[in-house]
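Enquirer: Got a structure for you, questions after.
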Amino acid sequence: MNYLNIKTTLPGPRSKEILNEKNSVARAFGTFVPAIIDYARGAQVWDLDGNQFIDLAGGVGSLNVGHSHPKVVDVIQKQADKFTHTDFTVIPYQSYFKLAERLCSKMPGVEEKKACFFNSGTEAVENAIKIARKATGRRSVICFKGAFHGRTMLSLSLTSKIKPYKEGMGPFFNDIYRVPYPYVYRWEDRVCSEEVSNRAIKMLKELFVKQVDPNDVAALIIEPIQGEAGFINPPMPYLHQVQEVCNEYGIVFIVDEVQTGYGRTGCFLASEYYGIEPDLITLGKSIAAGLPLSAIIGKERIMDSAGDGAVGGTFVGNPIACTAALAVLDIYEEENLGERANKIGEKIDQWLHQLKNKSHLIGDIRGVGAMKAFELVRDHETREPADEETYEIIQRCLHKGVILFKAGLYNNVIRFLVPLVITDDQLEEALDVIEECVIEVTHQYERQTVAHG
C-alpha cells in the first residue's frame, strides 16, 4: 500500500483559495506546509485537495501517540459532555489529581514528588524558575548555549538562538548566565567525547570564579538532549556531573523534558536514560496529544515552597486536557511506545548510516531512541553548514508528501519527530523518499561545486 499520494501541485486549488485570501493572521505565524489540513490519523495527514502525506514532524513533537488517536478522541468527547472548564482553584476535578499522581509515580528517584499544570512548555519553564527562586531565596539562573526553553520573556531570555526568536526582542532578563553545552561534533578542537564533557564541566565551575557567586544561583536549567539546537545528546557522564555541581551548591537542578519526554528517547524520560534525578522536570508537547497542557513535576520540598497562589492561571490544567493526558499515559503503556521508539530509532539509525555512504553532505548522525537527527555540511573538514541544501531537501520531501522539520543553530539539521504509532511500512516509504531527495540534492551540489571550480 502507498501511504503517499500527492495529486496536485502544492498548494492544491482548494488550499490555494484559502491561502491566497487576504486574511487577518499575523505574519509572525508563518506556515511550513503549503496546504490546508482536512483530517489526520496516526502518522498520516490529508489536505483539502485529497493530497496524502506522511507526517514525520508530529506537531513539532506533540503527537507521540499520533493524530486523533481514537482513545484520546473518545475521552475528550465524553469529558466535554460533562464540563469543559471550572479553573481548578475554584472547583477542583478528579482528572487533575489523577494525572498528578500518575506522573509523579513515573518520575526518577526516591524523594516524594508533586506536580502542577500549565498551558504550554514555556509556562512550565517560567514557573519552574519562579519555584526555584522561592525555594532558595536566590535569583540567578544558569542556562546553556544552544538552549531552547520557549518564547515568553523569561524563557526567551534562557533561549539561545537569535534568529528568528530573539532578534529585536530585547532587553532580556538579567541575572542569567550561559555556559557551553557539550556539542561534541562542533567542539572547537575535536577532542573525544569524554574530554568534551570534562571541559564543559570545567567551564561551568569557572562560572563561579569569574561571573557569579554560586550562593546567588537559584537554578540551573538544561535540556537532557538539546532539541532546537539539533538533537545534541551530551556524553553519558555529563548530566551526572552537572547534577553533582548543583547538589554541591544547593542549586535547583531543572531538566527541561518538554521535547524529550513521553518515550521519545525510548525511556519515558530522557532523565531515566541518563540515570539522573532532577529536582524539577518540565513536560509539555506530547503530554496531551496536542491539547494545550504542560507540567512541572518535582521534589515535594521544592514544589511546596512556592506557597498558595504563587503560580497558576485561569486555564492551566484544563479538565479536557487532563483527561486526554490520562488517555495518553494509557496508550503509552498499552502500546509499549517506549519500546516502539527504540525500534524506530534503530531503523532510522541503520538507514542513516547507509545513506551517509551515498552522500558526503551528511556530517553527523546522532540521537537517542526515536529522537534522531542528521547534520548536513558542505565540507567534513571545515564542517561548513549546508543550510541551503538542508532547506532544499526538506522542500523536495514535502512536495513528494513527506513532512520533515529542520533544526540546528545553523539551520542545517534534519530531525525526526515521528509519531511513535507510525507503522514500519509508513516509515520505510517516507525514508525512501528522503533518501531520494538527499541524493538528488547531493548530486546537484556536486555539479555546482565543479561548475564553480
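Enquirer: Quick one: count up the residues across region 349-375 that are under 17 Å from the mean Cα position of the chain (by Cα) and part of a loop (DSSP other than H, G, I, E, B).
Expert: The qualifying residues number 2.
Enquirer: If you don't mind, another one. Can you tell me which of Tyr391, Tyr410 is within 23 Å of Tyr181 (Cα to Cα) and hydroxyl-bearing (Ser, Thr, Tyr)? Don't jump to the end; show me each part of the working.
Expert: Details: Tyr391 fails: within 23 Å of Tyr181 (Cα to Cα).
The unique qualifying residue is Tyr410.
Enquirer: Might you let me know whether region 10-29 holds any residue that is part of a loop (DSSP other than H, G, I, E, B), touching a Lys or Arg at 6+ places or on another chain (Cβ under 7 Å), modelled with pLDDT of 90 or more and under 21 Å from Ile394 (Cα atoms)?
Expert: no
Enquirer: Restricting to region 212-235, give me the number of residues that are outside any loop (DSSP other than H, G, I, E, B) and among the acidic types (Asp, Glu).
Expert: Filtering region 212-235 for residues outside any loop (DSSP other than H, G, I, E, B) gives 214-222, 226, 232.
Filter once more, so that each one left must be among the acidic types (Asp, Glu): 216.
Of the residues in region 212-235, 1 are outside any loop (DSSP other than H, G, I, E, B) and among the acidic types (Asp, Glu).
Enquirer: Ile344 - would you say it is in the same structural domain as Asn119 (by TED's automatic domain parsing), in a helix (DSSP H, G or I) and crowded, with 22+ Cβ neighbours inside 10 Å?
Expert: Values: in the same structural domain as Asn119 (by TED's automatic domain parsing): no; in a helix (DSSP H, G or I): yes; crowded, with 22+ Cβ neighbours inside 10 Å: yes.
Considered against the rule, which asks whether it is in the same structural domain as Asn119 (by TED's automatic domain parsing), in a helix (DSSP H, G or I) and crowded, with 22+ Cβ neighbours inside 10 Å, Ile344 comes out as no.
Enquirer: Considering Ile162, Ile176, Ile142, which residue is among the β-branched types (Val, Ile, Thr) and in contact with a Ser or Thr (Cβ under 6 Å, 6 or more places away or on another chain)? Reasoning before the result, please.
Expert: Numbers: Ile162 fails: in contact with a Ser or Thr (Cβ under 6 Å, 6 or more places away or on another chain); Ile142 fails: in contact with a Ser or Thr (Cβ under 6 Å, 6 or more places away or on another chain).
None of the others qualify; the one that does is Ile176.
Enquirer: Give the number of residues within region 34-65 that are part of a loop (DSSP other than H, G, I, E, B), in contact with a helix residue (DSSP H, G or I) (Cβ under 8 Å, 6 or more places away or on another chain) and within 24 Å of Thr260 (Cα to Cα).
Expert: Of all residues in region 34-65, those part of a loop (DSSP other than H, G, I, E, B) come to 34-36, 43, 48-51, 56-57, 62-65.
Now narrow it down to the ones that are in contact with a helix residue (DSSP H, G or I) (Cβ under 8 Å, 6 or more places away or on another chain): 34-36, 43, 48-49, 56, 62-65.
After this cut, where a residue has to be within 24 Å of Thr260 (Cα to Cα) as well, the list is 43, 56, 62-65.
Qualifying residue count for the region: 6.
Enquirer: Determine whether region 37-45 contains at least one residue that is surrounded by 11 or more Cβ atoms within 10 Å (Cβ to Cβ), within 30 Å of Gly168 (Cβ to Cβ) and of a type outside the set (S, T, N, Q). It would help to see each step written out before you state the result.
Expert: Residues of region 37-45 that are surrounded by 11 or more Cβ atoms within 10 Å (Cβ to Cβ), as a first pass: 37-45.
Then keep just the ones that are within 30 Å of Gly168 (Cβ to Cβ); that gives none.
No.
Enquirer: Would you confirm whether or not region 352-364 contains a residue that is in contact (Cβ under 8 Å) with a residue 24 or more places away in the chain, outside the structural domain of Pro224 (by TED's automatic domain parsing), touching a Phe, Trp or Tyr at 6+ places or on another chain (Cβ under 6 Å) and more than 26 Å from Val73 (Cα to Cα)? Walk me through it before giving the result.
Expert: Step one: of region 352-364, the residues in contact (Cβ under 8 Å) with a residue 24 or more places away in the chain are 355, 358-364.
Now restrict to residues that are outside the structural domain of Pro224 (by TED's automatic domain parsing): 355, 358-364.
Still in the running and touching a Phe, Trp or Tyr at 6+ places or on another chain (Cβ under 6 Å): 362, 364.
From what is left, the residues that are more than 26 Å from Val73 (Cα to Cα) are 362, 364.
Yes - at least one qualifying residue is present in region 352-364.
Enquirer: Same structure, new question: Quick test of your reading of the structure: Glu429 fulfils all but one of (1) part of a helix (DSSP H, G or I); (2) touching a helix residue (DSSP H, G or I) at 6+ places or on another chain (Cβ under 8 Å); (3) under 26 Å from Asp49 (Cα atoms); (4) of a type in the set (D, E, K, R). Name the failing condition by number.
Expert: For Glu429, the failing item is (2).
Enquirer: With the requirement that a residue be surrounded by 17 or more Cβ atoms within 10 Å (Cβ to Cβ) and part of a helix (DSSP H, G or I), what does region 393-426 give you?
Expert: Within region 393-426, Ile393, Ile394, Arg396, Cys397, Leu398, Gln426 qualify.
Enquirer: Quickly run through region 101-126 and pick out the residues that are touching a residue at least 60 places away in the same chain (Cβ under 8 Å), more than 20 Å from the chain's Cα centre (by Cα) and assigned to a helix (DSSP H, G or I).
Expert: Answer for region 101-126, where residues must be touching a residue at least 60 places away in the same chain (Cβ under 8 Å), more than 20 Å from the chain's Cα centre (by Cα) and assigned to a helix (DSSP H, G or I): Arg102, Cys104.
The values are calculated or read from the model by the stated rules, or taken from the named source; none is laboratory data. From a predicted model like this one, the values you see are computed outputs, not experimental measurements. When we count neighbours, we look across all protein chains shown, and the Cβ atoms used for this are built from the backbone with ideal geometry, even at glycine.
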